[in-house]
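Below is one structure, written out as structure tokens, with a few remarks after it.
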Amino acid sequence: EFIAKGENDADIATVYESIALHRWEQSRTTQGQPYQIYYLNPTIETVSTAAIARRDVTSGMVDAARKFIDFLRQPEQQKLFVQYGFRPVDQSFDLQSVPNSPWSQNIPGVKMNPGVQTISTPNVEVLTEIKRLWERAN
């Protein structure tokens, strides 16, 4: 909301890196100035995954799903993901070599290698407690 509409009650927002990178230009345009990106340390990495269902699917569906996943992992598709602020599946992929890569646009605070500690996703009990506290406060 602060990207599109401007100042609000929040001074800071925690968002996925891809959103911050992809929407940066919009902020610069709508607000007349860019925002600063900060990497939390430690952080929790979110990895986009794909899976193929094993129940109630035909072998043709499984084959089509495998082909689609293989397609998404190809360099040309990975370049498209990079243009939208997603990190590629292949860690050796050069983020700055992609045309229109957010990592080559001098976005304040953006880092190809943030150098932060990555921790595991909290377990179900912790997530349940966070949700309970959030609901109680709101």
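I'm trying to understand the selection: among the residues of segment 32-43, which are under 16 Å from the mean Cα position of the chain (by Cα), surrounded by 12 or more Cβ atoms within 10 Å (Cβ to Cβ) and not β-branched (Val, Ile, Thr)?
38, 39 - these are the residues of segment 32-43 that are under 16 Å from the mean Cα position of the chain (by Cα), surrounded by 12 or more Cβ atoms within 10 Å (Cβ to Cβ) and not β-branched (Val, Ile, Thr).
Residues 58, 46: which one is closer than 20 Å to residue 121 by Cα, surrounded by fewer than 13 Cβ atoms within 10 Å (Cβ to Cβ) and of a type outside the set (Gly, Ala, Ser)? Give the derivation first.
Working: 58 fails: closer than 20 Å to residue 121 by Cα.
Just one listed residue meets the conditions, 46.
Enumerate the helices (runs of 4 or more DSSP H) found wholly within segment 4-96, keeping only those where 2 or more residues are under 21 Å from residue 118 (Cβ atoms).
Values: elements: 17-22, 24-31, 59-72, 75-83.
The helices (runs of 4 or more DSSP H) meeting that bar are 17-22, 75-83.
Count, please, the residues in segment 97-107 that happen to be assigned to a loop (DSSP other than H, G, I, E, B) and either touching a helix residue (DSSP H, G or I) at 6+ places or on another chain (Cβ under 8 Å) or under 21 Å from residue 45 (Cα atoms) (or both). Step through it out loud before you land on a result.
From segment 97-107, those assigned to a loop (DSSP other than H, G, I, E, B) are 98-101, 105-107; that's our starting set.
Narrowing the set further to residues that are either touching a helix residue (DSSP H, G or I) at 6+ places or on another chain (Cβ under 8 Å) or under 21 Å from residue 45 (Cα atoms) (or both) leaves 98-101, 105, 107.
Of the residues in segment 97-107, 6 are assigned to a loop (DSSP other than H, G, I, E, B) and either touching a helix residue (DSSP H, G or I) at 6+ places or on another chain (Cβ under 8 Å) or under 21 Å from residue 45 (Cα atoms) (or both).
When segment 119-136 is examined, which residues are found to be hydroxyl-bearing (Ser, Thr, Tyr) and either in contact (Cβ under 8 Å) with a residue 24 or more places away in the chain or touching a helix residue (DSSP H, G or I) at 6+ places or on another chain (Cβ under 8 Å) (or both)?
Applying the first criterion (hydroxyl-bearing (Ser, Thr, Tyr)) to segment 119-136 yields 120-121, 128.
Within segment 119-136, 120, 121 qualify.
When the residues of segment 1-30 are filtered to those that are out of contact with any Gly (no Cβ under 6 Å at 6 or more places or on another chain) and of a type in the set (S, T, N, Q), which remaining residue is modelled with the highest pLDDT? Can you show your working first?
From segment 1-30, those out of contact with any Gly (no Cβ under 6 Å at 6 or more places or on another chain) are 1-17, 19-20, 23-30; that's our starting set.
Subsequent filtering for residues that are of a type in the set (S, T, N, Q) retains 8, 14, 26-27, 29-30.
Details: 8: 69, 14: 86, 26: 83, 27: 80, 29: 79, 30: 78.
Here the residue is 14.
The values are calculated or read from the model by the stated rules, or taken from the named source; none is laboratory data. The structure displayed is predicted, hence computed values, not measured ones. Glycine gets a Cβ as well: all are built from the backbone with ideal geometry, and neighbour counts include every protein chain shown.
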